[in-house]
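Written out below as structure tokens is the structure these notes cover.
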Amino acid sequence: MKLKRFMTIAAAATAICVVGLQPSHAQDYPTKTVTVVVPFAAGGNTDTFGRLVAEELDKRLGQRFIVENKPGAGGNIGLGDLARSKPDGYTIGMGTVSSNAINQTLYKTLPYDKEKGFAPISLIASLPNVLVVNPDKIKANNVEELIAFLKTEPGKHTYASSGVGTSIHLAGELLATKAGVKITHVPYKGSSQAILDVVAGHVDMMFDNIPTAAQQVKAGKVKALAVTSLGKADLLPDVPTMANTIPGFEATSWHGLFAPPGTPPEIVEKLSKEVQAIIAEPAMQEKLKAMGVTPVGNTSAEFQAFIDKETAKWADVIKAANVPLQ
Amino acid sequence: MDIFSNLWLGASTAFMPMNLFYGFIGCLLGTAIGVLPGLGPTATIAMLLPITFGLPPESALIMLAGIFYGAQYGGSTTAILINLPGESSSVVTAIDGYQMARNGRAGAALATAALGSFFAGTVATILLAVAAPPLAAVALNFGPAEYFSLMVLGLVASVALASGSLLKAFAMIVFGLILGTVGTDVESGTPRYVFDIPELYDGLNFVAVSMGIFGICEILRNLESEHERSVGVKRVTGLMLTRQDIKRIIAPVLRGTALGSFLGVLPGGGAMLASFASYAMEKRISPNRAEFGKGAIEGVAAPESANNAGAQTSFIPMLTLGIPGNPVMALMVGAMIIQGITPGPNVISDEPALFWGMIVSMWSGNLMLVILNLPLIGLWVKMLTVPYHLLFPAIIGFCCIGAYSINNSVFDVFVMAGFSVIGFALSKMRFEPAPLLLGFILGPMLEENLRRAMLISQGDPSIFVRSPLSLSLLIFAVVVLALVLSPSISRKREEAFTE
């Protein structure tokens, strides 16, 4: 009897301690090394942004933020790992437009609970795409002319992409549905080979990430017709936006920081504030802009609203374009 | 002259301290594994692939190439000193080299091997530099249709690679092709043969497969027959060649270089075939043929020049067309893909620093090998006394770390383990693993380009014969196939491999 009573008291005491300690636990956070899961290979855009932010978090919060690359299955492997890790703030991870807004519709099964999702920390940066055409194959100087030209020869022209279901592919599908034109999708593994075939004229056009495409545009190998962000891009200031011709046309590749579902809101809040401050630093702004990237930094709620909007938009495009589910 | 500015660009890449360092590491490792019987360059390169991920592409490929030609040197050292060829390409060197060593002329034999190899390496490097640009001129014309035809040619040519039965070679290629289909289909995004395992969505990992099938499998095979190696080496003295020696080796070195350079370019050629062929040729035409088998210096000079020239020129089809002619080149193609470089005619124009840097590094690597090999002979011989049962657990440990570190995934370690068992079973049944690896690498590229070309042509297959480039590649492939299948050639081929 005595023992049972003791146990009850002990349990209650522990419970009080745990409850009582939780807020202060979040205040103390972090007290040990934090792992930042990057669901893509080292050296890519997502990895670069992840490392830039992790390094600064490291300096500001006084604990090691270690980047761990878990590439594979379009980001699903790394995000599956993130979803399964303890929601205590000591494992966080990077996510992108494909892994957190497109895969939800594109994949029939995901290695984590689609409904629970993730706790968004902050959007870090977004990368506009640019529509480039091979000047010998496409006789058009702007988007209106392009649409008119494509309508005269329906189904005859091709556009390249870095793979099925990427933001580059879906930008093409978005153009096809919004403008009502018929173009053939030619997927590649990655965008470097795809842009080369546009340059050589094997494929007629492509939406490509701005940093790589801008070089080919400046070399005069391809013609840039429009950028896919709502505002003009710093790397190609003379190029108009797609939204100019097709109102509301936006297809950017974005990268943000996430925590596993169920992470204490205090910790998410704390990290979000730090990330926003890091991105607001002039040195960081300069670094990101030089890469052709638009720095963002927003609150958890703003980021969640953005993700919901993006997920709905791409789900519509995938359905309208009949992209086969994986 | 263009070629000089290109070579200058190459020199500025190859002589960067970091690249010199990795080139040196490659040569050193290559020599070491060349000395150890059992471990070949294919296994070593397969095992070291994960280490190269973090390096810039130039350094990575320079190091891997160093391992390949370093092994040709190392193999001959033990062949001469203790009649134990470390490499298949130095088997014939042992015949006369060891006799020379027994006659007290080990130093002269080693010097002959080193100088002959260096000369051959220099000539082959120049050949590579001259032959490459004309091939590169057609690069931009290579679209999906042309790539498809090129891959067909590559697959057909890889049949010639197999040294055993043709039927088995075909079977292995098909097996490789099937393995290559695992993963997400590029055109439709449909997962194939993934069994709901997310790790398989990107296909079987090339590094894990090749580490299993070449690396671990070779260790298993060696453990099966661990034999005592008695190392009784006399002191090596008198590295200098006499005037008469020099006179005797000039012609064999030149002939060996020419024959080796030619055979190296052919698919399935490379170092081994070159050394056998040139030894056989010298034995027939040398004025001192009576001495062959009793320590003729020509019997060392000719095959050693030939194997090095062949090793070097086998880079030509790989670097200029992306077609791997032998297993080592297949691994190099894999290494390039990992580095984000699409192997093919575009490499010369897109990655000039990489291309020319590798060519110049071959020459600087050869120079390093001469410097490395002569003074360090004692060390290499000592290394032979390390028992295998101590060496192998360490190597397997490194392999597991390497496989894990590719994607930080335990799954890849299991893939490696699985393929080492498959590789071992295949080798027991006398199936060659090389065509399998080629099918595995070329298969996905073949399929992707075929479907891409069909998409572009709106389903019209005549795109493959309308392009003159594609048409000529396909015709060439048919000719090669006919030659391989013709009875007289296949008999000759068997002779060449059994000699």
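Computed from the coordinates by the stated procedures, all read-outs in this text should not be read as laboratory data. Predicted model, so just to flag it, every value in this text is computed and none were measured. Backbone-built Cβ (ideal geometry, glycine too); neighbour counts: all protein chains shown.
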Given a Förster radius of 60 Å and the C-beta distance between A:ALA315 and B:GLN244 as r, what FRET efficiency does 1/(1 + (r/R0)^6) yield to the nearest 0.05? 0.10
DSSP loop GluC sites (Glu not before Pro) in the range A:110-162 with at most 14 other Cβ atoms within 10 Å of their Cβ, which ones? A:GLU115
Is the C-alpha gyration tensor of the range A:70-197 telling us rounded, prolate or oblate? Criteria: a/c under 1.5 is rounded; beyond that, a/b larger than b/c is prolate, otherwise oblate. prolate
Would you compute, from DSSP H runs of 4+ residues alone, the mean residue ellipticity of chain A at 222 nm, taking -39500 (n - 2.57) per run and dividing by the full residue count, rounded to the nearest 500? -14500 deg cm²/dmol
Eigenvalues of the Cα gyration tensor times 5, then square-rooted: what semi-axes does that give for chain B, in whole angstrom, largest first? 36, 26, 22
What length, rounded to one decimal in nm, is gained on full extension from A:LYS287 through to A:LEU230, with 0.36 nm per residue of separation minus their alpha-carbon distance? 18.4 nm
Proxy exposure order for B:ARG221, B:ARG255 (fewest C-beta within 10 Å first) is B:ARG221, B:ARG255
Cβ under 11 Å from A:ALA251's Cβ, A:ALA251 left aside: what net charge do those residues give with Lys, Arg +1 and Asp, Glu -1? -1
Shape of the range B:58-143 from its Cα gyration tensor (a ≥ b ≥ c, root eigenvalues): rounded if a/c is under 1.5, otherwise prolate when a/b > b/c, or oblate? prolate
Between Rg and the Kirkwood Rh of the protein assembly as shown, both from Cα atoms, what is the Rg to Rh ratio? 1.03
Express the Stokes-Einstein translational diffusion coefficient of the range A:128-244 in µm² s⁻¹, to the nearest whole number, given a Kirkwood radius over alpha-carbon pairs, 10 °C and a viscosity of 1.306 mPa s. 116
Assuming R0 = 35 Å, can you tell me the calculated FRET efficiency for the pair B:LEU485 and B:ASN288, based on Cβ-Cβ distance, to the nearest 0.05? 0.30
Of all DSSP beta bridges located in the range A:128-244, what percent are antiparallel, nearest 5? 60
Counting Lys and Arg as +1 and Asp and Glu as -1 over every other residue whose Cβ sits under 13 Å from the Cβ of B:ASN449, the net charge comes to -2
Estimated [θ] at 222 nm from DSSP helical runs (n ≥ 4, -39500 (n - 2.57)) normalised by residues in chain B, nearest 500: -23500 deg cm²/dmol
Could you work out how far apart the two model spin labels at B:PHE15 and A:ALA301 are, taking each label as a point 7 Å from the Cα in the direction of the beta carbon, and quote it in nm? 6.5
Within a 10 angstrom radius of the beta carbon, how do A:LYS289, A:LYS116 rank from fewest other beta carbons to most? A:LYS116, A:LYS289
What distance in nm separates the two pseudo spin-label positions at A:ASN322 and A:GLU153, each 7 Å out from Cα along the beta-carbon direction? 2.4
Relative to the present Cα-Cα distance, how much length would full extension add between B:LYS428 and B:ILE3 at 0.36 nm per residue of separation? 148.2 nm
Virtual spin-label span in nm between B:THR190 and B:LEU220, 7 Å along Cα→Cβ: 3.4
Of all DSSP beta bridges with both partners in the protein assembly as shown, the antiparallel percent, nearest 5, is 65
Figure the gain on full extension for A:GLU266 and A:ARG60 (residue separation times 0.36 nm, minus the Cα-Cα span) and round it to one decimal in nm. 72.5 nm
Per residue of the range B:402-419, in order, report the coupling 6.51 cos²θ - 1.76 cosθ + 1.60 (Karplus, θ = phi - 60°) as ³J(HN,Hα) in whole Hz, putting x for Gly and Pro. x, 5, 5, 6, 4, 10, 6, 9, 5, 3, 5, 5, 5, 4, 4, 4, x, 6
Calculated FRET efficiency, B:PHE476 and A:LYS32, Cβ-Cβ r, R0 56 Å, to nearest 0.05? 0.35
What does the net charge come to around B:PHE292 if you take all other residues with beta carbon closer than 12 Å to its beta carbon, with K and R at +1 and D and E at -1? 0
